[in-house]
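The values are calculated or read from the model by the stated rules, or taken from the named source; none is laboratory data. Small disclaimer: the values here were computed from a predicted structure and weren't measured. No Cβ is skipped: glycine too gets one built from the backbone with ideal geometry, and neighbour counts run over all protein chains shown. Note: accessible area is taken over every heavy atom of the protein model, side chains too, but ligands, DNA and RNA are not part of it. Shrake-Rupley method; radii C 1.70, N 1.55, O 1.52, S 1.80 Å.
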Amino acid sequence: MSRASLAKDPREVAGMFDAVARRYDLTNDVMSLWQVRMWRAVTRATVAARPGMRVLDLAAGTGTSSVDYAADGAQVVACDLSAGMVAEGRRRHPEIEFVVGDATALPFPDADFDVVTVSYGLRNVQDTAAALAEMARVTRPGGRLVIAEFSTPVHAAFRRLYRFYLGTALPAAGRLVSSNADAYGYLGESILAWPDQEALAALIQDAGWRGVGYKNLSGGIVAIHRATKPGIPADAAAPTAPEA
Ligand SMILES: C[S@@+](CC[C@H](N)C(=O)[O-])C[C@H]1O[C@@H](n2cnc3c(N)ncnc32)[C@H](O)[C@@H]1O
């Protein structure tokens, strides 16, 4: 199986990523002209992982972002649907806890994490609303959501050029550098079909998150959405002993 269709059948999506796991990060660097490193740095600052925090890096792939959160002191769980990506992640980063799991049926209890984050993964999940609701379920009240995803360039002329790149130039370049060129046809199509910044913000809000906001990077090629799980923070909810 070389690529998934826009129906995003989980078996097809997992199979497509299984096939590209070994060269995934290198290809990302080349195809984004190394912009992905700046996008990851902004995501890392937005996640703001700290010692004592429990962070879920969902659709974590080979764990490239998970490593940043662990380096910042958090206890990180890297979860991904693709057994191939997880195997490659475990090989590269044996210090990180990897779990095979589906974003729409997460293998974690309620309120298990302080921050749930997903980089370039939500677009690949068949049911976006179900994944956003699952992410809310496993986040503690007062905890945070950070989503890095391809989005829609803000300026019209740049948007037209970018759409040409996604539909024509990207698949052609993918044939040169990737072990699975067809995956780049899927990449372009899935970005073109993905909700823009405001539409994704509305989906996040509809899933029960609050304080939804976003920041555009590289003119809107990427947007970092953030939100908070409503409710009383777990710390504040703990009963306090009466003063003597
Ligand atoms: C483009 S990669 C991103 C990987 C990583 N987050 C990064 O920043 O490099 C998308 C990842 O989403 C994963 N994925 C797709 N559908 C998923 C689902 N339903 N649940 C969990 N992971 C999923 C894929 O297996 C793949 O590893």
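Quick notes
- Value of relative contact order over the chain, rounded to a whole percent, pairs C-alpha under 8 Å and six or more apart: 19 percent
- Projecting the Cα positions of 152, 190, 165 onto the charge dipole of the range 152-198 (unit charges on Cβ atoms of Lys, Arg, Asp and Glu, taken about the Cα centre) puts 165 furthest along the positive direction.
- Cβ-defined net charge surrounding residue 147, 12 Å radius [Lys, Arg +1; Asp, Glu -1]: +2
- Here the accessible area of the range 48-200 is 57 percent carbon and sulfur, with a 1.4 angstrom probe and all protein chains present.
- Cα-centre dipole for the range 1-74 with unit charges at Cβ (Lys and Arg positive, Asp and Glu negative), debye to 20: 60 debye
- FRET efficiency, 1/(1 + (r/R0)^6) with R0 45 Å, evaluated for residue 50 and residue 7 via beta carbons: 0.70
- Placing unit charges on each Cβ (+1 for Lys and Arg, -1 for Asp and Glu) gives the chain a dipole about its Cα centre, and among 81, 7, 221 the Cα reaching farthest toward its positive end belongs to 221.
- In this Cβ point-charge picture (+1 for Lys and Arg, -1 for Asp and Glu), the range 122-209 has a dipole of about 240 debye about its Cα centre.
- Whole-number accessible area per residue in Å² for the chain, which is evaluated in the context of all protein chains at 1.4 Å: 46 Å²
- In the range 1-157, taking the dipole from charged Cβ atoms about the Cα centre, the farthest positive-side position among 99, 61, 28 is held by 28.
- Assuming charge only on the beta carbon of Lys and Arg (+1) and of Asp and Glu (-1), the dipole of the chain about its Cα centre is about 700 debye to the nearest 20.
- Distance from the alpha carbon centroid of the range 113-167 to that of the range 180-229 works out to 4 angstrom.
- Computed on the Cα trace of the chain, the radius of gyration divided by the Kirkwood hydrodynamic radius gives Rg/Rh = 0.98.
- Within the shell defined by Cβ-Cβ distances under 9 Å, the residues around residue 98 carry a net charge of -1, with Lys and Arg each +1 and Asp and Glu each -1.
- Summing charges over neighbours of residue 11, with a neighbour being any other residue whose Cβ is under 12 Å away from its Cβ, gives -3 when K and R count +1 and D and E count -1.
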